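S.K.: The structure follows.
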Amino acid sequence: MTYNDGTSQEIVSDNSWKVTESPITYSSIYGGEDYDATKQKQGWMQVGYDDENWENALEANYHPKMISQQIEPLKVKEEIPVVRCYKNSKGNWIYDFGQNFSGIIRLHVSGRRFQKLSLVPAELLNKNNTANQTASGHPFCYNYTLRGDSIEIWQPQFTYYGFRYVEVKGAVPAGERNPRNLPVITELVGLHTSLSASQSGTFFCSNPLFNKIHNLIDWAMRSNMASVLTDCPHREKLGWVEQAYLMQYSLQYRYNMSRMYNKIIKDMYLSQTEQGMIPSIAPEYVRFKDGFEDTPEWGSAFIISSWYTYLWYGDDRSLKKYYPMMKKYMDYLASRANDNIIAYGLGDWFDIGPDVPGNSQLTSNGLTATATYYYNATIMQKIAHLLAQPDDVEKYGRLAGEIKESFNHSFFNSSTNTYDRNSQTANSIVLFMGLADETYKQSIINNLVCDIEKRNYSLTAGDIGYRYVLQALETNGLSELIYKMNCKYNVPGYGWQLAHGATALTESWQAFGFVSNNHFMLGHLMEWLYGGIGGIRQTEQSLAYKTIQIDPHVVGNITSASASYESPYGRICSEWKKKQEGFELKVSIPANSEAVILLPTRNIENITDYGVCLHLSKDIVFLGVESNKTKIKIGSGNYLFFVKN
């Protein structure tokens, strides 16, 4: 501690410190918290408090390495009011906050000394309007014992849960009949807790459904941004690592995750086994059986997230620090391969098949695992080049070629031009990762489109595959198909979840009640909202958004959209409108960066910037025509382009 006069003092806990029994009589991250207000020590934090009856602290023989916190702290991000309060069939009171969120409650209550009440949070309700914790972890509750002073205010300190409802037992709301003289709750407030990473992106468009989808995904992302990226904010609270890279771009568009990803990558490094395996959970607080402990599409986050972090923020520290451990993981995968084919693990988790969701049903786990192994090899070659490791550049280039050859030999049927079982996931991952021979690429695209169309634009891909479905369609000029797949309420997907009452993204596309109803692993559409509809991406050779690409995808009935992203160079804005006379695009490019803009016309003479014909401008570089769009290059500044019909 440094004082105003310049002197400093180290305050270190030792056995001269005093301790006594706490009012917190029970606390568990998985069980809730009990608080006995009769045990409060009035004034104990004030100077001059008499601690004569307190005991000296015991000094533990434990000396861990202390490291300062590297990420932003968790904070109360929002106070959520009750929208409805009513009595259920058991005579208990249900408080409905109208939103499924991660957090705690703040209780305002009055009553007699030693009276007790219990508060049971839940995502869902049973048919009799009691708290339903069957899919979110039970029992979890908050128990409070009153001290008997006027209005008492309390909130839990060392736990949290994911919930929308609270069932109150042993108390009544103020103003209600109270023949048993139970404690009276004057106010109950929901406190949404989350990582306090700053917001970096905004999105809005003219289609209300897509705005609701953005909000649905965002609540699930925020609810699972803790000291790790959790799968759910209640049942497990574990850092399943596949979502770290599959949802990475979605997360980074919305929030500044630079510090968080350095921590996530370090967690994976610390969790790596002697054999080189990266567990599916990091930190690995618990180990599951039956394939959950080791799945290639999960462990590969160690390599893929490190690379994505470098591309997004220009931060190469993880690549330099953990490169030897990444090589060790690649060696481990090689030890599990048979002729370069890896065929174990969970596969395309929670895809839509004939059975209840779980392990992949429509795509062989060997296809997704081996494709990811190939993707790792291509990334490792790039990292080796960046770190000036020429032998490894050759090694991983050769390995990628060998995996690709084995992959196509094992999974491609040249007589039907299909991969594996011709699923949406199989075709998309092949297209995204460049595994198909160029001769067959259009056939694979056609297979993907045909499957989507014959299902009436329904999706089937799961946790692993859906991001690749979106990326394969977008990069091949098929964003209109993405729109058709995601503008529906009547088939499992985002609209279906909203139609069935979800307020945060659910674990299953079908919004089943027997699994989590606050899970962000399927939120891949967020990336397309910013990069597709909003049109904000960076060019293939760019780093940290030094060279931006603005290419809005005008699809469906969307007539306007705006998106922004706070890049390492500053704020990027893209705002477009369809007008009767043509197409308007307003762009803001930050200092020390540049942008490539694609505008929907082949004729540059149809384009103006603030009313000035583009072909007359000396500061704008014409790059040609690509996919029926005029491609130009601009510097930093504000632009208002208009394309005449």
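S.K.: Would you mind computing the Rg to Rh ratio of the range 161-305 from its alpha-carbon coordinates, Kirkwood style for Rh? Write down the numbers at each step before the final one.
M.R.: Details: Rg = 20.1 Å, Rh = 17.9 Å.
Using only Cα positions, Rg/Rh for the range 161-305 is 1.12.
S.K.: How high is the relative contact order of the chain, in percent, counting Cα pairs under 8 Å that sit 6 or more residues apart?
M.R.: For the chain, the relative contact order is 11 percent.
S.K.: So what's the range 74-195 giving for Cα Rg divided by 2.2 N^0.38 Å, two decimals? Walk me through the intermediate numbers first.
M.R.: Values: Rg = 13.7 Å, N = 122, 2.2 N^0.38 = 13.7 Å.
Ratio of Cα Rg to 2.2 N^0.38 Å: 1.00.
S.K.: What is the extension gain from E584 to V47, computed as 0.36 nm multiplied by their sequence separation minus the C-alpha to C-alpha distance, in nm to one decimal? All intermediate terms of the calculation are to be shown ahead of the outcome.
M.R.: Working: separation 537, 0.36 × 537 = 193.32 nm, distance 6.49 nm.
Net length gain for the segment: 186.8 nm.
S.K.: Something else: Over the range 65-135, what per residue volume does the convex hull of the Cα atoms give, in whole Å³?
M.R.: Numbers: hull volume 14.1 nm³, N = 71.
Enclosed volume per residue, from the Cα hull, is 198 Å³.
S.K.: Please find the FRET efficiency linking N15 to K321, where r is the Cβ-Cβ separation and R0 is fixed at 41 Å, and quote it to the nearest 0.05.
M.R.: The computed FRET efficiency comes out at 0.60.
S.K.: Set the Förster radius R0 to 22 Å, insert the Cβ-Cβ distance between H138 and T25 as r into 1/(1 + (r/R0)^6), and round the FRET efficiency to 0.05. Kindly include the intermediate steps, with their values, before the conclusion.
M.R.: Working: r = 20 Å, r/R0 = 0.91.
With R0 = 22 Å, the Cβ-Cβ based efficiency is 0.65.
S.K.: If you don't mind, another one. In angstroms, what radius of gyration and Dmax does the range 547-644 have, counting Cα atoms only?
M.R.: 12.7, 37
S.K.: If I model a spin label at E274 and E453 as a point 7 Å from the Cα along the Cα→Cβ vector, what separation in nanometres do I get?
M.R.: 5.7
S.K.: Where in the range 500-534 is the amide nitrogen less than 20 Å from a point lying 7 Å along the Cα-to-Cβ axis of N211?
M.R.: Those under the cut-off are 500-505, 525-534.
S.K.: Would you kindly state how much longer the chain becomes between H108 and T547 on full extension, computed as 0.36 nm times their sequence separation minus their alpha carbon distance, in nm to one decimal?
M.R.: 152.8 nm
S.K.: With a 10 Å Cβ neighbour count serving as the proxy for reagent exposure, in which order, fewest first, do L251, L191, L505 appear?
M.R.: L191, L251, L505
S.K.: How big is the range 261-326 on each of its three principal axes, counting only the C-alpha atoms and giving the largest first in Å?
M.R.: Projected onto the principal axes, the Cα atoms of the range 261-326 cover 38, 20, 18 Å.
S.K.: Could you give the nm distance between label points at L623 and K75, where each point is 7 Å from its Cα heading toward the beta carbon?
M.R.: 3.8
S.K.: For a footprinting-style exposure proxy, rank R177, R421, R467 by other Cβ within 10 Å, fewest first.
M.R.: Working: R177 7, R421 13, R467 25.
Sorted ascending by nearby Cβ count, the order is R177, R421, R467.
S.K.: Kirkwood Rh, the chain, all Cα pairs: how many Å?
M.R.: 27.3
S.K.: Extension gain S89-I151, at 0.36 nm per residue separation less the Cα-Cα distance, in nm?
M.R.: Length gained between S89 and I151: 19.5 nm.
S.K.: Return the calculated 222 nm mean residue ellipticity for the chain, to the nearest 500 deg cm²/dmol, obtained by summing -39500 (n - 2.57) across DSSP H runs with n ≥ 4 and dividing by the residue count.
M.R.: About -8500 deg cm²/dmol.
S.K.: Additional query: If we count other beta carbons within 10 Å of each Cβ, what is the order of C205, C232, fewest first?
M.R.: Ranked by crowding around the Cβ, least crowded first: C205, C232.
S.K.: Using all C-alpha to C-alpha distances in the range 305-390, build P(r) with 10 Å bins and read off the rounded percent in each one.
M.R.: 16, 37, 29, 15, 2
S.K.: Please find the FRET efficiency linking E438 to D339, where r is the Cβ-Cβ separation and R0 is fixed at 35 Å, and quote it to the nearest 0.05.
M.R.: That gives a FRET efficiency of 0.90.
S.K.: I want to check the label-to-label distance for F512 and E405. Put each point 7 Å from Cα in the C-beta direction and report it in nm to one decimal.
M.R.: 4.2
S.K.: Let me ask something else about it. Hey, for a label at N592 modelled as a point 7 Å past Cα toward Cβ, could you say which residues of the range 309-323 have their backbone N under 16 Å away?
M.R.: Those under the cut-off are 313-316.
S.K.: Ratio to report: Rg/Rh of the range 470-598, with Cα atoms as the point set and Rh obtained by the Kirkwood method; give two decimals. It would help to have the intermediate numbers written out before the result.
M.R.: Values: Rg = 16.7 Å, Rh = 16.2 Å.
Taking Rh as the inverse mean 1/r over Cα pairs, Rg/Rh reads 1.03.
Just so you know, all these numbers are worked out from the coordinates, no wet-lab data involved. A quick note: this is a predicted structure, and the numbers were derived from the prediction, not measured. Note that we place each Cβ from the backbone using ideal geometry, even for glycine, and neighbour counts take in every protein chain shown.
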